[in-house]
Amino acid sequence: MAQIGLTVRIFDCVTEIYRGRTLLDTDGLEHDGGVNYRNGLANAMTAFQEAADHATDLETLILAEYVFLSQELNFCNPNDIQAFASLSQAVRSFDDAFLALRTVDDPPVYAGAENTHPHHYKYRVKDMPKDAFHIACISHRVRIRNILRSPGINMAEKDLLMLRSANMTVAQAAYLEKQKTALAV
């Protein structure tokens, strides 16, 4: 799967969703807003499904989410303090997840890093270190679950959120296998 093509499509989807939301709130342009919004959601569903279909490519799977979040942050009004803080934290978490993904691909280095994580169950995921990758996936699923609880979100957007959450579950499971391989467990 071409990462660049997928990321450009996701970038465009968020732009279209944002444009649609803006036009929905503009007298006389509501229809155009609805069209843009629905097209953006539909195109995002297709892009995230494509990412899910290639779940073994963890970098691409989390890159899709990273691009979506980064673009949402770009469009977020800084005066919307809670949303801005949440999106900023999500982007930082995925920055760390990319580092963990690179490290797990180097078994000797990851074995050393594993010794820096507590072995208490609170700091483990199925006996593997709960590192930055796991934390990013877990935190993002919680963030999505909180959004899904908000009233007024249409079902198309909820479907997209559920797919994005499912992708984080798939990514975390695949990462767990990478950890096991790196630690020869």
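The values are calculated or read from the model by the stated rules, or taken from the named source; none is laboratory data. Predicted model, so just to flag it, every value in this text is computed and none were measured. Neighbour counts run over all protein chains shown; Cβ positions are idealised from the backbone, glycine included. Note: accessible area is taken over every heavy atom of the protein model, side chains too, but ligands, DNA and RNA are not part of it. Shrake-Rupley method; radii C 1.70, N 1.55, O 1.52, S 1.80 Å.
Assorted remarks:
- Selection status of V35, within 17 Å of E157 (Cα to Cα), among the β-branched types (V, I, T) and assigned to a helix (DSSP H, G or I): yes
- Enumeration of residues in the stretch 21-46 that are of a type in the set (G, A, S) and modelled with pLDDT of 95 or more: G40, A42, A44
- Looking across the stretch 125-141 at every residue that is among the aliphatic types (A, V, I, L, M) and touching a residue at least 40 places away in the same chain (Cβ under 8 Å), the one that is nearest to N39 (Cα to Cα) is identified as A136.
- Screening I144 with (1) surrounded by 19 or more Cβ atoms within 10 Å (Cβ to Cβ); (2) in contact (Cβ under 8 Å) with a residue 60 or more places away in the chain; (3) among the aliphatic types (A, V, I, L, M) gives one miss only, at (2).
- Within the stretch 57-104, the set of residues being polar (S, T, N, Q) and closer than 22 Å to V8 by Cα comprises T60, S70, Q71, N74, S88, S93.
- Qualifying residue in the stretch 90-106 (condition: surrounded by fewer than 17 Cβ atoms within 10 Å (Cβ to Cβ), more than 12 Å from the chain's Cα centre (by Cα) and among the basic types (K, R)): yes
- The set of residues in the stretch 71-80 that are open to solvent by less than 40 Å² (accessible area, probe 1.4 Å) and assigned to a helix (DSSP H, G or I) comprises Q71, L73.
- Residue pairs whose Cβ atoms lie under 7 Å apart, sitting 6 or more positions apart in sequence or on different chains, and linking a residue in the stretch 3-24 that is in contact (Cβ under 8 Å) with a residue 12 or more places away in the chain and assigned to a helix (DSSP H, G or I) to a partner that is open to solvent by 40 Å² or more (accessible area, probe 1.4 Å) and aliphatic (A, V, I, L, M), are L23/L29.
- F68 vs. criteria aromatic (F, W, Y) and at pLDDT below 95: no
- The stretch 1-39 - residue that is over 19 Å from N77 (Cβ atoms) and of a type in the set (G, A, S) and, of those, least open to solvent (accessible area, probe 1.4 Å): G34
- Count of the stretch 40-69 residues which are open to solvent by 70 Å² or more (accessible area, probe 1.4 Å), in contact with a helix residue (DSSP H, G or I) (Cβ under 9 Å, 6 or more places away or on another chain) and assigned to a helix (DSSP H, G or I): 4
- Enumeration of residues in the stretch 163-185 that are under 15 Å from L69 (Cα atoms) and either among the hydroxyl-bearing types (S, T, Y) or exposed (fewer than 14 other Cβ atoms within 10 Å of the Cβ) (or both): S165
- Residue match in the stretch 110-119 (condition: surrounded by 13 or more Cβ atoms within 10 Å (Cβ to Cβ), farther than 17 Å from F68 by Cα, of a type in the set (A, V, I, L, M, F, W, C) and at pLDDT below 95): yes
- Among residues of the stretch 147-169, those that are free of Cβ contacts under 8 Å to residues at least 24 places away in the same chain and under 19 Å from L61 (Cβ atoms), counted: 2
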